[in-house]
Amino acid sequence: MIADNKRTQNSVWDDRLLAEQLKELSVLDLGFSLEATGFEMGEIDLRIEGLNSSSEADEADDLSELPAGPPVTRLGDLWLLGEHRVY
């Protein structure tokens, strides 16, 4: 058991391969939930979706040039986003 735990600490995922395998499993009628793999459905969906969009970078994610000017928020500001609050 100790060796199994140590082996998982030193391992890494091939994210693309994992997403491809999850996608293949998702189209099969397996008779059990994909969550039995240890991943939640939201994470599985995001990984599969990432296969299609990994080549296209979202401009909103590009932080190479931060906008100049005064800050738009201060410590203690409360932003209202529909029913959500960001403090």
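The values are calculated or read from the model by the stated rules, or taken from the named source; none is laboratory data. Fair warning: this is a prediction, and the values are worked out from it, not measured in the lab. All Cβ positions, even for glycine, are placed from backbone atoms using ideal geometry, and neighbour counts span all protein chains on display. The area values use the complete protein model at the heavy-atom level, side chains included, leaving out ligands, DNA and RNA. Shrake-Rupley method; radii C 1.70, N 1.55, O 1.52, S 1.80 Å.
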Between L81 and K23, how many nm apart are label points set 7 Å from Cα along the C-beta direction?
-> 2.8
Calculated on alpha-carbon atoms, Rg and Dmax of the chain in Å | 20.0, 56
Once the piece of chain linking S64 and R7 is laid out straight, how much longer is it, given 0.36 nm per residue of separation minus the C-alpha distance between them?
-> 16.9 nm
Could you provide, to the nearest whole Å², the per residue accessible area of the chain with probe 1.4 Å?
-> 95
